[in-house]
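*Asks:* Structure incoming, see below.
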Amino acid sequence: MAAAAGSAVNVNAVNDCFSIGSTVVCTTCFNEEVEGEVLAFDHNTKMLILKCRSKSTEELSDIYVSNLSLCSNVQVIKECNGNFDDPQKLNLEQVKMRLRKTVERRQDYLKSKNADVSPEAQELYRAIAKQYGYNEVSWQGLNIQILNEVTISPPYRVDNVVSSSNNETSCNYIKRIIKQFFNTRPSPAPESGHGAPASTSSASVSPTSSSLSSSNAASGSPVPAN
């Protein structure tokens, strides 16, 4: 029997309570609220498929597949009156292709992981792999190896690029990738505290300039760097 509109559903006691065309809202395990039209529901696996309004365009719909065993606050907002359009047939070949590409991207990402190096080094690995392909880049201990002939050792700067075959073309190209990688990264925040060295234009600072800097700092105005 269908649950009453607007009432919460006990997931552990779910039966065939989601009729196709009804509007259901639930909260996922990521604390995301999802509301949409029921396309299908499998009682044995507690899998619910919802067609939701697209966040990017009104011409398309987003399809959510939710495991109700991991959801909370499941409610039927609107019951279907029995008249609904048959759902469009899925292009299974396209679904399989997207699944295969998603798995491949995840596998490629896992290749870049190395527990013994910094996250920055792993990002550099991915930047190089995007140019050469993940099959041509690998970790050799702490070193990044490209095309089985070019090696980048810590700290992974331009001076750390070495070619076993003296391939200057590959080395120069990889060095450009490294330069671009570090040039586009945000600069680290300057350290503050007693250990930060003070920069002055002369050996002594006049009381006038000292009081001016203190006044600017107190008023929130920027102090020009010497």
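*Asks:* Could you pull out every residue, at least 5 positions away or on a different chain, whose amide H is within less than 5 Å of the one on residue 22? Hs are placed 1.01 Å off N in the peptide plane, and Pro or chain starts have none.
*Replies:* 38, 80
*Asks:* Sticking with this structure for a sec: Tell me the trypsin sites (Lys or Arg not before Pro) within the stretch 85-153 that lie in a loop according to DSSP and have at most 10 other beta-carbon atoms within 10 Å. Don't jump to the answer; show the numbers that get you there.
*Replies:* Numbers: sites: 89, 96, 98, 100, 101, 105, 106, 111, 113, 126, 130; in loops: 89, 113.
Qualifying residues, ordered by number: 89.
*Asks:* So which lysines can residue 175 reach, going by Cα to Cα under 18 Å and dropping same-chain residues fewer than 8 places off?
*Replies:* Straight-line reach from residue 175, under 18 Å: 130.
*Asks:* Explain nothing, just compute: Karplus ³J(HN,Hα) = 6.51 cos²θ - 1.76 cosθ + 1.60, θ = phi - 60°, for every residue of the stretch 43-48 in order, whole Hz, x for Gly and Pro.
*Replies:* So the J values, rounded to whole Hz, are 5, 5, 9, 6, 8, 10.
*Asks:* Only sites in a loop by DSSP and with at most 13 other Cβ atoms within 10 Å count here; which GluC sites (Glu not before Pro) in the stretch 24-61 make the cut? Provide the component values of the computation, followed by the final result.
*Replies:* Values: sites: 32, 33, 35, 37, 58, 59; in loops: 32, 58, 59.
Passing sites in the stretch 24-61 are 32, 58, 59.
*Asks:* Could you compute the FRET efficiency for residue 35 and residue 92, with r as their C-beta to C-beta distance and R0 at 25 Å, rounded to 0.05? Display every interim value, and only then the final one.
*Replies:* Working: r = 27 Å, r/R0 = 1.07.
For residue 35 and residue 92, the calculated efficiency is 0.40.
*Asks:* Pop out the ³J(HN,Hα) list for the stretch 151-156 in order, Karplus 6.51 cos²θ - 1.76 cosθ + 1.60 with θ = phi - 60°, rounded to Hz; leave Gly and Pro as x.
*Replies:* 10, 10, 9, x, x, 6
*Asks:* Of 55/89; 55/101; 78/101; 46/111, which sit over 28 Å apart, Cα to Cα? Show your work: numbers first, answer last.
*Replies:* Numbers: 55/89 22 Å; 55/101 23 Å; 78/101 36 Å; 46/111 34 Å.
Beyond 28 Å: 78/101; 46/111.
*Asks:* Give me the net charge of residue 27's neighbourhood, meaning all other residues with Cβ under 13 Å from the Cβ of residue 27; Lys, Arg count +1, Asp, Glu -1.
*Replies:* Numbers: positive: none; negative: 32, 33, 35.
The answer is -3.
*Asks:* For 39, 68, what's the largest-to-smallest order of accessible area, 1.4 Å probe?
*Replies:* On the way: 39 40, 68 0 Å².
Sorted by accessible area, descending: 39, 68.
The values are calculated or read from the model by the stated rules, or taken from the named source; none is laboratory data. All of these numbers come straight from a predicted model, not from anything done at the bench. In this analysis, Cβ positions are derived from the backbone assuming ideal geometry, glycine residues included, and neighbour counts consider all displayed protein chains. Heavy atoms of the whole protein, side chains included, go into the accessibility calculation; ligands, DNA and RNA do not. Shrake-Rupley method; radii C 1.70, N 1.55, O 1.52, S 1.80 Å.
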